[in-house]
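Remarks on the structure that follows.
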Amino acid sequence: MTELPLIGEAIAVAAEPRLAGARIGVVTFPGTLDDRDAARAVRLAGGTAVPLWHADTTLGDVDAVVIPGGFSYGDYLRAGAIARFAPLMSKIIDAANSDAKLPVLGICNGFQILTESHLLPGSMIKNDHLKFMCRDQVLRVENSNTAWTLDYEAGQEITVPLKNQDGQYIADEKVLDALEAEGRVVFRYVGFNPNGSRRDIAGISNAAGNVVGLMPHPEHAVEVGFGPESLDGIGGSDTDGLGFFTSVLNKIVGGNK
């Protein structure tokens, strides 16, 4: 039997020293839940996590940004609708759309905020079964050329936790057809659609590939012994989510892919 590490001792990969200079901002809103998890994922991947507060008026010198999961502002009005107007979001929007193309990852509530900010198309509504869903979820990587998926292979299946109640991705047929045609569907649910998302879409990107949003939580699958196992023989290991963070770090410092 494989011996599991003690809590706090798990190291998913041997971090490369060259990655430590990459600074990844992790945004906290009132109601954010997973900012510390995201920061830990950045550190386990070898980068430097930089805390960012929603009321900040500058991004400082970060090289990328993670907008983590939770219930920003209690999901009042609509999930992500208030957070979209936070002072820091205007800076993130400008930086993501600039020539520099700041990499931005939105996870769960972060994905909702990205759609409300119009950095990504479509919208998120309540799960089709109208219940909160929490499970390990198999995803297929459809696009391995974004800033956040370079360390995966197209067609690879990974397993990461999912937890949401407003996780159903919707868009009109014209938008959906464009996403498919342009290769901007980045992740798709495999085996089971947990929320009724159109065309089994779990995550998408903008046209440039620097902005990615998805509902499942890769930051919860970064440590040996503390992530999901493969499901029914499909998916991978309990560190399947780490590739999001190594991908962007390698892009920032100049990786091989």
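The table that follows gives values for the structure above.
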| item | result |
| --- | --- |
| Hits in the range 167-193 (condition: within 17 Å of the chain's Cα centre (by Cα) and open to solvent by less than 20 Å² (accessible area, probe 1.4 Å)) | G167, Q168, Y169, V185, V186, F187, Y189 |
| Test: residue in the range 85-103 that is open to solvent by less than 30 Å² (accessible area, probe 1.4 Å) and either free of Cβ contacts under 8 Å to residues at least 24 places away in the same chain or at positive phi (or both) | no |
| Count of residues meeting criterion [among the β-branched types (V, I, T) and either more than 16 Å from the chain's Cα centre (by Cα) or over 20 Å from G243 (Cβ atoms) (or both)] in the range 108-144 | 3 |
| Index of the failed condition, G31 passing every other in (1) under 17 Å from P218 (Cβ atoms); (2) open to solvent by less than 50 Å² (accessible area, probe 1.4 Å); (3) touching a helix residue (DSSP H, G or I) at 6+ places or on another chain (Cβ under 6 Å) | (1) |
| Scope the range 199-209; condition more than 14 Å from the chain's Cα centre (by Cα) and touching a residue at least 40 places away in the same chain (Cβ under 8 Å); matching residues | A208 |
| Residues being open to solvent by 20 Å² or more (accessible area, probe 1.4 Å) and at pLDDT 95 or above - total across the range 207-233 | 3 |
| From R78, R18, residue being open to solvent by 60 Å² or more (accessible area, probe 1.4 Å), closer than 24 Å to M215 by Cβ, at pLDDT below 95 and not aromatic (F, W, Y) | R78 |
| Subset tally (residues that are open to solvent by 10 Å² or more (accessible area, probe 1.4 Å) and touching a residue at least 24 places away in the same chain (Cβ under 8 Å)) for the range 131-144 | 9 |
| Verdict on P51 being assigned to a strand (DSSP E or B) and either touching a residue at least 24 places away in the same chain (Cβ under 8 Å) or over 20 Å from L150 (Cβ atoms) (or both) | yes |
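The values are calculated or read from the model by the stated rules, or taken from the named source; none is laboratory data. Note that the structure is predicted; figures quoted are calculated from it, not measured. A quick note on method: Cβ atoms are made from the backbone with ideal geometry, for glycine too, and the neighbour counts reach across all protein chains shown. Note: areas computed on protein heavy atoms with side chains; ligands, DNA, RNA excluded. Shrake-Rupley method; radii C 1.70, N 1.55, O 1.52, S 1.80 Å.
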